[in-house]
Amino acid sequence: MNAQAITRTSPLATWVGVGIVAGVVVAIILLLEASGSAFWQGIFITLGMFIILAVSLNLASGFTGVFSLGHIGFMALGAYIAAILTLPVENKEELLNLPGWLATIHLDFTVGTFPLGFLTATLIAGLIASLLAVVVGAVLMRLSGHFVAVATLGFLVIVRVVLINADDFTRGARTFSNVTPYTDLWWVYGWAAVTLYTIWRIKFSAYGRAMFAQREDVAAARSVGIVIMRSRLFAFVVSAFFTAVAGSLWGHFITSFSPNAFYFDLTFRVITMLVVGGMGSVSGSVVGPVLITALAEALRRLEDYNQLYGISGISLALLFLIIIIFRPNGLMGSREFDVEWLGQRVLRALSFGRRREGEKPERFPAGE
Amino acid sequence: MNFGVYWAQQFLNGLSVGSQYALMAVGLAMVFGILRLINFAHGDVMMVAAYIGAFSLAAQVPLPLALLLVLLGTVLTGLLMERAAYRPLRRAPAVAVLLSSFAVGQILQNGTLLLSRLINQPVQMAFPTPDILQGAVLFNTFFGDLRLSRINLVSLIAGPILLVLLIIFIRRTTLGLSMRATAEDLQAAQLMGIDTNRVIMWAFVIGSLLAAVAGVLYASQAGQIKPDMGFTPVLKAFIAAVIGGFGSIPGAMIGGYVLGFLEVLLTALPGYGDLIRGSASPEVVTFLQTYLPTTLSRYRDAFVFVALIVLLLVRPGGILGTVDKE
């Protein structure tokens, strides 16, 4: 269950490994853009969004063991806040009833063709969500076990009630529309890369180890000087930031949404991805979304074909049950995909590696 | 508007809403008391009950037989989910079982969707409320005329009766005794020769029966049923159970009524200023209109959940319960 020690003996191999993975992703994006298929681009944008959501939830829940069912609430806030900020002023007048200072804001400035306004709006949305997470987390992280799960579910309900009733800002239960479609594959996978890198670094930092330690044993972690509250809150806040970012990205992709989109179905979908991938594994939170998105998409087509709606929901929930019963740590557990190993294999194949066959691989530190 | 009639009416409303919550909360508390499992699929069992009722009534099955079918179907559902999804997880961490109950809920919801598709029925349908549950009764009381819908009347009467029966069952029968023993300490009960699996099955049977009654009442009241109709009630039932101290059955009943009254109060108080305009001093009216505007009642659910979170922090053991030491 413990995070395995990472011993970076060959930074070159790591960078080569990361480079290969990044190269493959870039190649896929280029291919998708060249194909011009809106359908497949849409699927990959959704996948990227789910990766951000799953990795973020992993940080908050998988690393710390404090299960949050309220994260989609942060996503909803991210989507609404960013969308309000980037909405053209005339649409604001037409659709919303904002206070004066907000009604004139339209973050559409660009640098060259780069929509810096969108980036700013996303960052603001993320920051507001994190600020809220500080307050909410300071209260909720005191709870544990299933009580925290239900209290965070309460947070989700509260966010929904507020979104539905704050008509002036959100149009209430009606659809919030006319959002500029800024989000493309580059945006989503760029943010996914930032999220993955940040959370990867957190996992193998002292903060991350503190999280895993208190997940395994609160008393023991406390006895070695870990402040449980600080560790949990840190995870919760960072996680809320990226979740809100995913919300902004999704809002600017789908361009019209209502509070119903951010409720329990989405929550359960992300949790399924997290549990299937493995709580505690950053790469698991990539594997989970890829697997579940592929499966859900295939099943959805089957459903559309024979009109038997419900099949996909049942199958995914069954898969979830099977995983949780027979493989409770998910497919990856807390393990990670070893990019360094990949890099070394490639380097060796290119004969940059200095070792001969049969020699002890150098990624194991001396004495182990 | 007469002050007395208004509040007497609200009191009756609170009592009947509370009875429904109490029925649901007790079902949750039974299972939680024994397994430490928050069975989120409880709301979906209610939904299953409502659908069985709706389908059989739509197929012209006579009412008593339809109710029997509802009870049988829900008990079967409850037993099935216990066997398939919860028993394999007896030793798993609490969160895993909680998540598995979400999966069960999804299966039940999507199963209903699929089934209604297969038998060519609309998924979202009007609940064919039986005639005896339709309409309202007028009471001539000391305060004036009070109006109570028949559904509320039935919940108001059936709720307490069922709950008292349940308490008698738990206090006076051998099975009830083994249930209390299992709730106290599952392993110790096992060592004393109690077949804990059987006890757990009975807990699910009783929980499902209560869910069936609550489900039919809830559906009759809402007038419409859909596969995800169980979500909000189960959350409310959970709050009720937490108020009463999770796992305590009398606590869950009291919690149900407390929540019922709280909700009615949150709907009755905002807007009260408009109601008493003319009959009370203008200062009071203005005060109420400013601080408790009608629009506030739309945030009722948000307030209820804030109250839940505060309660979990301040008194995690609830009003009656004791803190669960881990």
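Which residue out of B:S100, B:S56 is within 12 Å of chain A (Cβ to nearest Cβ), touching a helix residue (DSSP H, G or I) at 6+ places or on another chain (Cβ under 8 Å) and either buried (at least 21 other Cβ atoms within 10 Å of the Cβ) or over 19 Å from A:I323 (Cβ atoms) (or both)? First the steps, then the outcome.
Working: B:S56 fails: within 12 Å of chain A (Cβ to nearest Cβ).
Just one listed residue meets the conditions, B:S100.
Within segment A:190-208, is there a residue that is over 13 Å from the mean Cα position of the chain (by Cα), within 30 Å of A:H106 (Cα to Cα) and of a type outside the set (G, A, S)? First the steps, then the outcome.
Taking segment A:190-208 as the starting set, the residues that turn out to be over 13 Å from the mean Cα position of the chain (by Cα) are A:201-208.
Going one step further and asking which of them are within 30 Å of A:H106 (Cα to Cα), we end up with none.
No, the conditions are met nowhere in segment A:190-208.
Regarding B:V123, is this residue within 14 Å of another protein chain (Cβ to nearest Cβ) and either under 24 Å from the mean Cα position of the chain (by Cα) or in a helix (DSSP H, G or I) (or both)? Steps first, please.
On the way: within 14 Å of another protein chain (Cβ to nearest Cβ): yes; either under 24 Å from the mean Cα position of the chain (by Cα) or in a helix (DSSP H, G or I) (or both): yes.
In short, yes.
Among the residues of segment A:184-196, is there at least one that is in contact (Cβ under 8 Å) with a residue 12 or more places away in the chain, in a loop (DSSP other than H, G, I, E, B) and over 27 Å from A:L143 (Cα atoms)?
Checked segment A:184-196: at least one residue is in contact (Cβ under 8 Å) with a residue 12 or more places away in the chain, in a loop (DSSP other than H, G, I, E, B) and over 27 Å from A:L143 (Cα atoms).
Out of the residues in segment B:103-120 meeting the condition of being under 21 Å from the mean Cα position of the chain (by Cα) and of a type in the set (S, T, N, Q), tell me which one is nearest to the other protein chains (Cβ to nearest Cβ). Steps first, please.
From segment B:103-120, those under 21 Å from the mean Cα position of the chain (by Cα) are B:103-109, B:112; that's our starting set.
In the following step, the residues that additionally are of a type in the set (S, T, N, Q) were identified as B:106, B:109, B:112.
Numbers: B:Q106: 4, B:Q109: 7, B:T112: 8 Å.
It comes out as B:Q106.
Considering segment A:77-90 alone, what residues qualify as being touching a residue at least 12 places away in the same chain (Cβ under 8 Å), surrounded by fewer than 15 Cβ atoms within 10 Å (Cβ to Cβ) and not in a loop (DSSP other than H, G, I, E, B)? Spell out the reasoning first.
First pass over segment A:77-90, keeping only residues touching a residue at least 12 places away in the same chain (Cβ under 8 Å): A:77-89.
Add one more test, that the residue is surrounded by fewer than 15 Cβ atoms within 10 Å (Cβ to Cβ), and what stays is A:88-89.
Correct list: A:V89 only.
Does segment A:26-46 contain at least one residue that is among the β-branched types (V, I, T), more than 30 Å from A:G137 (Cα to Cα) and crowded, with 17+ Cβ neighbours inside 10 Å? Can you show your working first?
The first filter runs over segment A:26-46 and keeps only residues among the β-branched types (V, I, T), leaving A:26, A:28-29, A:43, A:45-46.
Then drop every residue that is not more than 30 Å from A:G137 (Cα to Cα), which leaves A:26, A:28-29, A:43.
Checking the rest, the ones that are also crowded, with 17+ Cβ neighbours inside 10 Å come to A:29.
Yes: one or more hits.
For segment B:127-144, state whether one or more residues are part of a helix (DSSP H, G or I), facing chain A (nearest Cβ under 7 Å) and not hydroxyl-bearing (S, T, Y).
Here is the first cut: in segment B:127-144, the residues part of a helix (DSSP H, G or I) are B:131-133.
Filter again for facing chain A (nearest Cβ under 7 Å), leaving none.
No: zero hits.
To keep it simple, each residue is scored yes or no on (1) farther than 25 Å from A:A317 by Cα; (2) modelled with pLDDT under 95; (3) not in a loop (DSSP other than H, G, I, E, B).
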| site | (1), (2), (3) |
| --- | --- |
| B:L23 | yes, yes, yes |
| B:A29 | no, yes, yes |
| B:I38 | no, yes, no |
| B:L67 | yes, yes, yes |
| B:L72 | no, no, yes |
| B:M81 | no, yes, yes |
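Please work out which one of (1) in contact with a Pro (Cβ under 9 Å, 6 or more places away or on another chain); (2) in contact (Cβ under 8 Å) with a residue 24 or more places away in the chain; (3) within 14 Å of another protein chain (Cβ to nearest Cβ); (4) of a type in the set (G, A, S) is the condition B:A92 fails and give its number.
Single failed check for B:A92: (2).
Please tell me if A:L96 is under 13 Å from A:T180 (Cα atoms), among the hydrophobic types (A, V, I, L, M, F, W, C) and either crowded, with 16+ Cβ neighbours inside 10 Å or touching a residue at least 40 places away in the same chain (Cβ under 8 Å) (or both). Spell out the reasoning first.
Numbers: under 13 Å from A:T180 (Cα atoms): no; among the hydrophobic types (A, V, I, L, M, F, W, C): yes; either crowded, with 16+ Cβ neighbours inside 10 Å or touching a residue at least 40 places away in the same chain (Cβ under 8 Å) (or both): yes.
Taking the combined requirement at face value, the residue does not satisfy it.
Within segment A:124-171, track down each residue that is more than 8 Å from chain B (Cβ to nearest Cβ), in contact with a Phe, Trp or Tyr (Cβ under 9 Å, 6 or more places away or on another chain), assigned to a helix (DSSP H, G or I) and not small (G, A, S).
Matches in segment A:124-171: A:L127, A:L132, A:V134, A:V136, A:V148, A:T152, A:L156, A:V159, A:R160, A:L163, A:F169, A:T170.
Pick from B:P270, B:P233, B:P227: which is in contact with a Pro (Cβ under 7 Å, 6 or more places away or on another chain) and within 14 Å of chain A (Cβ to nearest Cβ)? Can you show your working first?
Working: B:P233 fails: in contact with a Pro (Cβ under 7 Å, 6 or more places away or on another chain); B:P227 fails: in contact with a Pro (Cβ under 7 Å, 6 or more places away or on another chain).
Criteria check complete, one pass: B:P270.
Among (1) at pLDDT 85 or above; (2) surrounded by 14 or more Cβ atoms within 10 Å (Cβ to Cβ), where does B:F143 come up short?
The one condition B:F143 does not meet is (1).
The values are calculated or read from the model by the stated rules, or taken from the named source; none is laboratory data. Quick caveat: nothing in here was measured; it's all calculated off a predicted structure. Every residue, glycine among them, receives a Cβ derived from its backbone with ideal geometry; neighbour counts consider all protein chains shown.
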